[in-house]
Amino acid sequence: MKRVSGFTLIELIMVIVILGVLSAFALPRFADLGGDARLASLNALAGTLRSSSNIAHAQQLADGNSGSSSVTLDGQVVTMASGYPTADAAGVVASAQISDYATSDVAGATITTLQFDLVPAKTNCYARYEAADGSTNITPVVSVVATGC
């Protein structure tokens with residue numbers, strides 16, 4: 001009599017059931033990583049805005065210019081106000097060389113503020129650059145709102 005070794009049908013079904021149960025618990029943890037990616041993108045953008053703003057400020061100081069004199073960074077003319085880039089395309093967008101985000105002015109803001117939205121835009125998922133004005137904001141304020149990411 002030959003003895004055949006291998007798995008029985010019951011053992012194979014039990015392995016499939018166990019794998020199904022494990023995947024039911026593990027899959028939701030990995031299914032939606034889009035929110036984490038959007039948050040990481042906004043945090044990277046905020047860091048870029050802060051860094052480029054400070055680099056433009058340092059260039060202006062190195063040139064010995066006043067608070068509203070434009071500076072040139074990598075061939076880009078950057079408009080300045082109160083020693084830092086303005087909140088527009090000729091200011092912070094030019095200094096950071098940003099092109100992958102939709103920008104819009106923030107209506108009703110007391111200080112010039114530029115909002116950067118991801119494309120496609122999500123509600124309450126953006127970064128903002130609030131320009132320095134010399135009194136309320138001595139330096140620019142960069143904030144991230146990620147409640148809707």
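Computed from the coordinates by the stated procedures, all read-outs in this text should not be read as laboratory data. Since the structure is predicted, the reported quantities are computational estimates derived from the model, not experimental observations. Cβ sites come from the backbone with ideal geometry, for glycine too, and all protein chains shown count toward neighbours.
Once both axes come from the Cα atoms, what is the angle between helix 34-63 and the longest principal axis of the chain, in degrees from 0 to 90, rounded to 10?
Tilt relative to the chain: about 30 degrees.
HN-Hα J couplings of the stretch 79-90 from phi, Karplus 6.51/-1.76/1.60, θ = phi - 60°, integer Hz, Gly and Pro as x?
6, 10, 8, 6, x, 9, x, 6, 8, 7, 5, 7
About its Cα centre, what dipole magnitude does the chain give when the only charges are +1 on Lys and Arg Cβ and -1 on Asp and Glu Cβ, stated in debye to the nearest 20?
860
For the stretch 85-149, taking Cα atoms only, what is the radius of gyration to one decimal and the Dmax to the nearest whole Å?
11.7, 35
Between Arg128, Arg38, Arg29, where does the largest GNM mean-square fluctuation fall for the chain, given springs only between Cα atoms within less than 10 Å?
Arg29
Using r as the Cβ-Cβ distance of Val145 and Thr72, and R0 as 41 Å, what FRET efficiency do you calculate, to the nearest 0.05?
0.80
How much net charge surrounds Arg38 when only other residues with a Cβ under 14 Å from its Cβ are counted (Lys, Arg +1; Asp, Glu -1)?
On the way: positive: Lys122; negative: Asp32, Asp36, Asp100, Asp117.
Here the count lands on -3.
If you fit an axis through the alpha-carbon atoms of helix 9-31 and take the longest principal axis of the Cα set of the chain, what angle between them do you get, 0 to 90°, nearest 10?
Orientation of helix 9-31: about 10 degrees from the principal axis.
Any idea what % of Cα-Cα pairs in the chain are farther than 23 Å? Walk me through the numbers before you get to the answer.
Numbers: 5597 of 11026 pairs.
Percent of Cα pairs beyond 23 Å in the chain: 51.
At 222 nm, what helix-only mean residue ellipticity would the chain give, in deg cm²/dmol to the nearest 500, using -39500 (n - 2.57) for each DSSP H run of four or more?
Numbers: 2 runs with 53 residues, N = 149.
Per the formula, -12500 deg cm²/dmol.
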